[in-house]
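Below is one structure, written out as structure tokens; comments come after it.
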């Protein structure tokens, strides 16, 4: 947690809005906020969380994920989030194409769909 450069990499690739769970979203918001200020002291950050958020963090920190290579783990997480975003966008585009009547817009959506599919294939 003391590595602010790792935080920068994560922040650039995973936004608070990317978190689905409300508690995780709140935790991420507070973590990002504190780390943005340069506060990398995890104990002081945890002290600023409410009881429910502290409980969730404690749960996460108590789990042994067997991570040996932190950089690879972060890269894997970032890829997972990116894959999920691209998959969601792919389905949105397909739905938009089905409902689009303007051929130019359909063509542009088709191009975007192709780009999304290519990006997804590169992530696998």
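Of the residues making up the stretch 1-30, those that are crowded, with 16+ Cβ neighbours inside 10 Å and more than 12 Å from the chain's Cα centre (by Cα) number 4.
Are there any helices (runs of 4 or more DSSP H) wholly within the stretch 27-124 with 2 or more residues that are assigned by TED's automatic domain parsing to the domain that holds residue 8, and if so which?
On the way: elements: 42-47, 51-62, 70-99, 103-123.
Ranges flagged: 42-47, 51-62.
When 82, 33, 51, 103 are checked against the criterion of being surrounded by 10 or more Cβ atoms within 10 Å (Cβ to Cβ) and free of Cβ contacts under 8 Å to residues at least 12 places away in the same chain, 33 stands alone in meeting it.
Rundown of residues vs (1) touching a helix residue (DSSP H, G or I) at 6+ places or on another chain (Cβ under 7 Å); (2) modelled with pLDDT under 95; (3) under 22 Å from residue 18 (Cβ atoms), yes/no style:
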{"position": "82", "(1), (2), (3)": "yes, yes, yes"}
{"position": "90", "(1), (2), (3)": "yes, no, yes"}
{"position": "101", "(1), (2), (3)": "no, yes, no"}
{"position": "109", "(1), (2), (3)": "yes, no, no"}
{"position": "113", "(1), (2), (3)": "yes, no, yes"}
{"position": "122", "(1), (2), (3)": "no, yes, yes"}
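The values are calculated or read from the model by the stated rules, or taken from the named source; none is laboratory data. The model shown is predicted, which means the values in this text are computed figures rather than measured ones. Don't worry about glycine lacking a Cβ; one is built from the backbone with ideal geometry, like all the others, and counts go over all protein chains shown.
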